[in-house]
Structures are given as structure tokens and as C-alpha cells.
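The values are calculated or read from the model by the stated rules, or taken from the named source; none is laboratory data. Values in this document were obtained by computation on a predicted structure and should not be read as measured data. Cβ placement follows ideal geometry from the backbone for every residue including glycine, while neighbour counts extend to all protein chains displayed.
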Amino acid sequence: MFKMKKAMLQALLFSAFAVVSPLQAIADETPIIRYADRFVPIIAKNGMVASQEAIATKVGVDILKQGGNAVDAAVAVGFALAVTFPQAGNIGGGGFMMVHLAKDNKTIAIDYREMAPAAAHRDLYLDENGDVDNRRARFSHQSAGVPGTVAGLIHALENYGTMTLKQVIAPAVALAEDGFTLAYSLESSLLARKERLSRNPAAKKALFKPDGSHYQFGETLKQPDLAQTLKAIRDKGFDGFYKGSVADLIVKEMKANDGLITHKDLENYKVVEREAIKGSYKGYDVLTMPPPSSGGVHIVQMMNMLENDNLKDLGHNSAASLHLMIEAMRQAYADRSEYLGDPDYFDVPIKELIDKKYAAKLRTQIPNKKARKSEEVKPALDVTPESPDTTHFSVMDNEGNAVSNTYTLNFSYGSHIMVSGAGFLLNNEMDDFSAKVGVANAYGLLGAEANAIEAGKRPLSSMTPTLVLKDGKAFMATGSPGGSTIITVVLQVLMNALEHEMNVAAATYAPRIHHQWYPDRILVEPGISADTKALLEAWGHNLDNRRRTIGSTQSIQFRDGFFYGASDSRRHGALTLGY
Ligand code: GLY
């Protein structure tokens, strides 16, 4: 009897220990777990990578394990995604990278957005009737801006990395040359875009089988032309892409197809380091991308507008808190249409837009329990964006460095046009300019003078790679694809984490909304309760409940000695991994 009791006691103790031990051990040290969210993040001790594609994430973690820092890993992920995630990973596009360097306590904003070719001009896409020719703006050789990705990744590595280009690009070269195994996400994406991609002979040859059929789950995709281009970059750096044989292929492609990019445009491509947008929210520092991203300015503007309401007490995704967020979004996108553009060409009133006094004034204009009409909300300073397939990745290392990078071809697969012989797709970023005042771009975004097309100018973007610091140390890295929705997605992840104190997984998976001034409707993901929606509608909000998801964030937090990460559950194929 005693023996039996002892055995039972041991079993009970063991099972209790087995159930609570691993998480409890962490929970004791890590308060964030104690919020008892229904979702737990990936947890690691030494470093972490979150990206939209699993192979690329593993490449990044390998670089960290080899002793590389977050920048080394981010650059390796950037090149790897150009092979394994052709939807948006790229060397033919551009993007933004935020880097926090712990040693120097410094945050850097690297702008490697595409530049308009010298031959571009304000009325580039207008037809003989003065209407915007969307085919030319989105699906022609003229829709490509001068790519910035290669210059941007090399710039980051040379200035803030510790490894050689040869080391960090090697995995991408091998993935292109030897091939990689297709996951469901790429099979389904290629199948969905088969018709349009197959219209371009080079894209058809590179991404489909010789008989024209699509590669399937478990099959191997090799990209020999892309491997050659990556080797040229590996061996010659900037000159391997912007000069020499790859540049010759780009220019030949342009000349044969009425494109605009010349050798001079390529040689003149410049990476710009800009001063990060800095905001604060209840004790956190929010460091994010300045123009030509519109994201950073408006994230800070909206957080300023929301900071003095206790959204936590109003309730996460309650009608009351969503009402305030929607009205903040409405105002921010109205301002975006008027004041945001490439700061090298247009005087963007950044200081005014992120001023807490401006936000306080705007807050007084939000009625209680009553939606405004977008026509009532105008850009309000007292001074005079896709098929959503951009991609984001975040990296943190064990020295306290953090990288938040968003880059893009604009649409999924950009213009769907590949540079023949070079194996990479061209962006259609020129559509992010305002082709004509008052005419919306592919994301329904309106623009004006600030974002008019000019030679050498960078189109306004919504990409919002963001870092959050707590007591001067990297606390969070996040960002998302999603065209015009990027800004509101990042806002909601930040608010979920900083205001509602959710762990990074719960902050990621929570249902989202999106409003962008025009069109005057609010996208609502499944998961917002029917009661909440009924209240919002009763207050006059115009909800669009069609089933769809918004964004796909890749986020990492560091607190109490652990990395916590989460890849969005909204799209297949992503992976967060640490070690
Ligand atoms: N191409 C989408 C963006 O940059 O916002």
C-alpha cells in the first residue's frame, strides 16, 4: 500500500513537473509569459531571425551561429530571400533597413528605395487623353525604378556587419545554383501567377519547367542565371550589379522593350542614410523609417494621437478603442496624401507631423462614438504604396544589435518581367508615385505634388520597418508587407505589445482592421466580434467585412534575457527561429 502511494505520488509529481517545468522555468524569469496570452512565441537565448520564408530564416540563424552579428545575418537573409521567395525577396527592387547598434547606442535608417530613371518625368504614364495608363505604370519595363537592394545590402554589410560579402552571399549562391525544395507557399504562389509570369519568356524559363508546368511541393527549383548574377555581386560587390555584364543585361533588356534605365542610372544609384524618425510611447522609444517611407512619420503621429487615451482600459479591439484608432488612421492617411514624398525633392514637414501638440489638436477633433466622413477630414497641418507582396524580416543578436528590414518589388513578382539572362525580376515601384493628382495608385492611395514623378526621385512608400527601444536597449523589431496597410498593421502590433502588453505572438495573431482615409471604408479581419462591429456601424463607420487577412508581420522582442519571436499566422511558409 505504502509502495503504491509512493509510486502514485512520484507519478503525480513527475507529471506536474513535466507539465509546468519548461515554461514555468522561463515564466519565473520572464514576466511577459505571465500575461497568459493564448499564443506563445518562439523563445531562444542567443539570437533570432523571423522571415517570411523558412530556408532564408535558417540561413540567417546559421550566420548568427557562425558568430555573425544581426547585420551579417540580415544581409544573408536578404540575398537568400531573393532566391527562395521570388514573390518579394529581390535584387531587382528596393527597401529600407533599420539597424540598432548596441555598442555605439546608435540607430541607423538605411534608404535603398528605387530611384526614378533620369528619363522619367511627371506625365510619364499619361496617355494622349491625359489618363493614367496603368499597364505602363505597373506591368511594363517603364514601371521599374533603378533597383537599390544590392547597393543597400552591401552598404549595410560594409558599414555595420563583421563578415565578408563572400561569406554572407554564399548560401544564396548555393540555393540558386544547387536548387532548393519547394514548399507549399511557393508552389501555390507560382501557380496563382503562372499566366502572367509565363507571358515573359525569361520568367517562364526561370520559374517554370521546360514544358511550362509549375514546380510542385517537394520538387527542386534551380535558378542558374540568378546564380551567375549573385556570383558577379559576390566577386565585384556594387560593380558586379551596377556595372559590367549584369548592368549590360539590364540595359539591353530596357533598350529592347522601351524601358528607361540606362548605364548611367545604374552607376548613379545611391544608398542614403537618413535620420530615423523618433517617437515615444509610454516609456518606449519608437525608432522607425523616415521619408521616402510614409510609415514612420504616420506611426508616430497615430501613436501620439492615441497615447493619452487609456486604450488598455477601453479594451483591446473594443468598439471604443477601434473607433479612436480608425479616426487616427483616417487623419494620418489624409496627411500622407498631401505632405509625404521624397525628402530630397520635397520639403516634408516631419517635425510638425510628429509633434505631440499637433496630435493633441487632432485628438480634439475626434467625436465621441461618431465616425467622421473622410470628406470632412483634410490634411490638417498649418503649413502648406500592391498586390501586397513586400516582405519583412527581423533579426536580433546576443550583443543587443537589431535589424528590421522591409524590401519589395512592389506587387508580388513586381512587373512580372525578368531581366533576360540575369535571372531576377524587375520591380514596378514607379506605380508608387502619384501618376496624376487625384488619381489613386494600385493601393487606392492618393497623392499630390509631394509624390509627383521626377528624374532621380524615390517613390513614396508605406514600408515601415520599426525598432522599439526600452531604456536605450533594443526591445522589439517588427514590420510587415501589405502595401498601404503596412502602416496600420505595424501600428496595431506595436499597440498590442506596448499598450495592451501582449506577448509578441498574441500581438501578431490578434485580428486587425485597416482604414486609409480613401476609400472611406474599414477593412475588418475575421475575429472582431459581431457586437463590436454592430457598435462601430451604429456610430457611422463603414465596415468592409469581406473575408481577407491584413499584413504578415515578422517580429522579435528581447526582454529579461530571452528572445521572443513570432511569424504571422496569416501566410504560409514563414519561420521564426532562434538558437
Ligand atoms: N511598394 C509598396 C510600398 O513601398 O509601399
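Within region 203-225, the residues that satisfy the criterion of being of a type in the set (A, V, I, L, M, F, W, C) and surrounded by fewer than 20 Cβ atoms within 10 Å (Cβ to Cβ) are F208, F217. Just so you know, in region 275-290 the residues that are more than 15 Å from the chain's Cα centre (by Cα) and either among the basic types (K, R) or within 14 Å of the ligand (Cβ to nearest atom) (or both) include one that is nearest to E499 (Cα to Cα), and it is K282.
Filter region 462-480 for residues that are within 16 Å of the ligand (Cβ to nearest atom) and touching a Gly at 6+ places or on another chain (Cβ under 7 Å) and give the result. Answer for region 462-480, where residues must be within 16 Å of the ligand (Cβ to nearest atom) and touching a Gly at 6+ places or on another chain (Cβ under 7 Å): S462, M463, T464, P465, T466, S480.
When we screen A109, A82 for residues that are among the aliphatic types (A, V, I, L, M) and under 19 Å from N410 (Cβ atoms), the only hit is A82.
Scoring Y345 on the criteria (1) touching a helix residue (DSSP H, G or I) at 6+ places or on another chain (Cβ under 7 Å); (2) within 17 Å of S461 (Cβ to Cβ); (3) part of a loop (DSSP other than H, G, I, E, B) leaves a single failure, condition (1). Put simply, of D342, D347, D265, D313 the only residue that is within 16 Å of the ligand (Cβ to nearest atom) and out of contact with any His (no Cβ under 6 Å at 6 or more places or on another chain) is D342. Cβ separations smaller than 6 Å between residues 6+ apart or across chains give no pair from region 201-212 residues that are of a type in the set (F, W, Y) to residues that are at pLDDT 95 or above and surrounded by fewer than 20 Cβ atoms within 10 Å (Cβ to Cβ). Among the residues making up region 413-453, those that are within 27 Å of L249 (Cβ to Cβ), away from the ligand (no atom under 14 Å from the Cβ) and assigned to a loop (DSSP other than H, G, I, E, B) are H416, I417, V419, S420, G421, A422, G423, F424, I453.
Residue under question is G414, and the condition is that it be surrounded by fewer than 24 Cβ atoms within 10 Å (Cβ to Cβ), touching a Leu at 6+ places or on another chain (Cβ under 8 Å) and at pLDDT 95 or above; does it hold? In short, no. Regarding D389, is this residue within 12 Å of the ligand (Cβ to nearest atom), assigned to a helix (DSSP H, G or I) and either farther than 30 Å from D131 by Cβ or not hydrophobic (A, V, I, L, M, F, W, C) (or both)? The answer is no for D389.
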